[in-house]
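The values are calculated or read from the model by the stated rules, or taken from the named source; none is laboratory data. Owing to the predicted nature of the structure, the values given are computational and were not obtained by experimental measurement. Cβ sites come from the backbone with ideal geometry, for glycine too, and all protein chains shown count toward neighbours. What goes into the accessible areas is simple: the full protein's heavy atoms, side chains included, and nothing from ligands, DNA or RNA. Shrake-Rupley method; radii C 1.70, N 1.55, O 1.52, S 1.80 Å.
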Amino acid sequence: MDFELTDDQRAIRDAVAELCSRFPSEYWRERDAKLEYPVEFVDALGKAGWLSVLIPEEYGGGGGTVADAALILETINRSGGTGVPAHAQMYTMGTVLRHGSDEQKQRLLPEIAANTLRLQAFGVTEPDAGSDTTRIRTFAAREGDHYVVNGAKIWTSRFQHSDYMLLLTRTTRYEDVEKKTDGLSVLLVDLREAGDAISVRPIRTMTSHETNEVRIENLRVPVQNRIGEEGKGFRYILSGLNAERILVASEVLGDGFWFIDRATEYARERVVFGRPIGQNQGVQFPLAQAYADLEAASLVRWKAAAKFDAGEQPGFEANAAKLLASKANWAAANAAMDTFGGYGLAEEFEIERKFREARLPMVAPVNNNLILAYIGHQVLGLPKSY
């Protein structure tokens with residue numbers, strides 16, 4: 001097993017880092033203060049082809065691997081930015097690629113690759129269902145060659161900057177299925193044609209992730225926009241979650257290494273009581289422990305990516321990577337905040353912005369407790385706890 005980046009991967013890392021250098025900390029601080037979507041940054045990523053790295057070359061994409069995509073997102077976050085406003089397109093398009101019809105692939109993937117179409121919005125979670133996805137109530141009733149959709153979604157991010165939304169609905173109600181994962185279908189919703197059938201309420205959060213509550217009333221979606229078979233959508237969504245976990249873990253790792261980079265630089269230069277504060281073990285040890293934990297989480301992430309790229313579904317590795325990365329990043333965030341002391345709370349030092357972002361991965365896009373429950377039940381064979 002080779003633990004070093006290839007020449008091509010180093011070239012990807014360096015090119016992405018160069019692009020990120022054009023968006024300094026002031027840019028991100030301003031977007032965060034105004035809770036604004038980083039339009040210019042996402043456009044630059046798209047034009048450079050980084051958002052289409054996972055689209056096969058036959059559709060105009062980069063033909064890269066999940067490991068390549070992971071490196072891109074890690075580099076963005078390690079540069080002080082955030083890949084969250086753009087990362088969904090990397091894994092939502094995978095649902096089309098793996099389960100879509102030839103017509104859907106030909107219609108959508110070349111435009112996504114050309115950066116002329118965005119598939120960033122992902123409608124799954126609902127206010128009453130939460131993480132219990134099978135309990136969603138959004139319903140698509142078949143009427144001839146259309147579905148008529150009614151329901152609501154929450155935490156639907158990037159809606160305002162997406163042309164299509166990948167929407168999980170019920171086509172058979174929960175009460176009418178023998179197996180709770182049956183009766184779910186995935187629809188491609190063209191937001192440019194939805195009109196008043198979809199209403200949106202932005203949810204202000206402590207980070208600028210542009211997330212929303214979405215209400216759907218009598219939305220007509222062509223049957224030809226259904227992904228795969230009717231009623232089999234839960235499996236289609238699950239097949240993309242391992243990629244999502246790997247990519248999110250990579251962003252989180254980038255943040256963690258950013259904290260370590262900034263804190264160690266500051267600890268070497270900041271002199272108090274006649275000595276660099278980094279000489280004090282109370283400062284040094286938490287940073288060293290967090291760095292060791294980040295490196296360990298990174299190895300699990302690379303193992304998950306390697307298995308995914310080999311055609312496997314690395315459920316344990318992908319989930320464990322997200323779990324370990326989020327915990328290591330939170331430790332790095334706290335170590336950095338302690339290192340900077342009062343200056344860590346000052347906006348100009350950037351620590352407080354990233355500190356707020358560091359808390360999110362502990363609970364989203366999946367709560368760490370659910371990952372532990374998955375490992376306990378699915379991996380260790382313990383009785384199911386939920």
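Details
- Considering Asp43, Asp2, the condition of being under 26 Å from Ser208 (Cβ atoms), surrounded by fewer than 15 Cβ atoms within 10 Å (Cβ to Cβ) and either more than 20 Å from the chain's Cα centre (by Cα) or modelled with pLDDT of 95 or more (or both) is satisfied by Asp43 alone.
- Counting only helices (runs of 4 or more DSSP H) that sit completely within region 279-367, those holding 3 or more residues that are touching a Ser or Thr at 6+ places or on another chain (Cβ under 9 Å) and more than 26 Å from His209 (Cα to Cα) correspond to 281-309.
- The set of residues from region 40-66 being within 22 Å of Asp102 (Cβ to Cβ) and either in contact with a strand residue (DSSP E or B) (Cβ under 6 Å, 6 or more places away or on another chain) or acidic (Asp, Glu) (or both) comprises Glu57, Glu58.
- Index of the failed condition, Thr75 passing every other in (1) open to solvent by 40 Å² or more (accessible area, probe 1.4 Å); (2) polar (S, T, N, Q); (3) at pLDDT 95 or above: (1)
- Subset of region 221-245 [in a strand (DSSP E or B) and crowded, with 16+ Cβ neighbours inside 10 Å]: Val221, Arg226, Ile227, Lys232
Each row is one residue, and each column tells you yes or no for (1) without any contact (Cβ under 8 Å) to a residue 60 or more places away in the chain; (2) open to solvent by less than 30 Å² (accessible area, probe 1.4 Å); (3) under 27 Å from Asp68 (Cβ atoms).
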site	(1), (2), (3)
Glu295	yes, no, yes
Gly311	yes, no, yes
Glu317	yes, yes, yes
Ala321	no, yes, yes
Ser326	no, yes, yes
Lys354	no, yes, yes
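- Here Gly62 does not fit the description of being modelled with pLDDT of 95 or more, in a loop (DSSP other than H, G, I, E, B) and open to solvent by less than 10 Å² (accessible area, probe 1.4 Å).
- In region 21-37, the count of residues that are surrounded by fewer than 20 Cβ atoms within 10 Å (Cβ to Cβ) and of a type in the set (A, V, I, L, M) is one or more.
- Taking the criterion of being open to solvent by less than 20 Å² (accessible area, probe 1.4 Å) and among the β-branched types (Val, Ile, Thr), the only residue of region 97-123 that qualifies is Ile112.
- Residue match in region 168-186 (condition: under 22 Å from Tyr147 (Cβ atoms), open to solvent by less than 40 Å² (accessible area, probe 1.4 Å) and modelled with pLDDT under 95): no
- Listed by first and then second residue, the pairs linking a residue in region 259-282 that is farther than 14 Å from Ala332 by Cα and open to solvent by 80 Å² or more (accessible area, probe 1.4 Å) to a residue that is of a type in the set (A, V, I, L, M, F, W, C) and assigned to a helix (DSSP H, G or I), with Cβ atoms under 6 Å apart and 6 or more places separating them unless they lie on different chains, are Arg270/Ile277.
- Yes/no for Val248 being open to solvent by less than 40 Å² (accessible area, probe 1.4 Å), in contact (Cβ under 8 Å) with a residue 60 or more places away in the chain, of a type in the set (A, V, I, L, M) and farther than 15 Å from Val84 by Cβ: no
- Taking the listed residues Ala331, Ala346, Ala373, the one that is in contact (Cβ under 8 Å) with a residue 24 or more places away in the chain and of a type in the set (A, V, I, L, M) is Ala331, with no other qualifying.
- The set of residues from region 222-260 being under 17 Å from the mean Cα position of the chain (by Cα) and aliphatic (A, V, I, L, M) comprises Ile237, Leu238, Leu241, Ala243, Ile246, Leu247, Val248, Ala249, Val252, Leu253.
- Summed over region 200-219, residues that are surrounded by 13 or more Cβ atoms within 10 Å (Cβ to Cβ) and either outside any strand (DSSP E or B) or small (Gly, Ala, Ser) (or both) total 5.
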